[in-house]
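Right, one structure below, let's go through it.
The values are calculated or read from the model by the stated rules, or taken from the named source; none is laboratory data. Predicted, not measured: the structure shown is a model, and the values here were computed from it. So basically every Cβ, Gly included, is an ideal-geometry build from the backbone, and we count neighbours across all protein chains shown. These accessible areas exclude ligands, DNA and RNA; they are computed on the full protein's heavy atoms, side chains included. Shrake-Rupley method; radii C 1.70, N 1.55, O 1.52, S 1.80 Å.
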Amino acid sequence: MRDMESRVIKNTEEKYFYHKRHNLYIMLEDEDVDWYWDDTEVIEFDRLFNEGATILEISQHFCRPAVEIALLTIDRDLKGLLS
């Protein structure tokens with residue numbers, strides 16, 4: 001029974017912990033990011049981005065830090081929603 005448990009643990013570790021990390025760097029750890037957007041803001045963001053507005057211009061439009069605009073840009077791009 002103990003041998004089987006050890007194999008299960010080993011297989012799980014190999015599957016999910018394929019990168020051994022010793023000194024962790026946690027991105028955005030010290031940033032105060034507002035992760036929430038209203039649907040109307042997202043629609044407006046998409047429009048501005050697709051019209052060619054820069055991250056800085058969009059940041060000023062929404063009065064949000066550029067990091068929040070960059071994160072929304074990445075999110076929308078990964079979902080294939082930007083043209």
Quiz item: Is it the case that the range 50-58 has a residue that's touching a Ser or Thr at 6+ places or on another chain (Cβ under 6 Å), outside any loop (DSSP other than H, G, I, E, B) and within 16 Å of SER83 (Cα to Cα)?
Solution: yes
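Conditions (1) among the basic types (Lys, Arg); (2) loosely packed, with under 10 Cβ neighbours inside 10 Å, marked per residue:
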residue: ASP3; (1), (2): no, yes
residue: GLU41; (1), (2): no, no
residue: GLU68; (1), (2): no, no
residue: LYS79; (1), (2): yes, yes
Quiz item: Does the range 5-35 hold any residues that are open to solvent by 100 Å² or more (accessible area, probe 1.4 Å), of a type in the set (Ser, Thr, Tyr) and at pLDDT 80 or above, and which are they?
Solution: TYR25
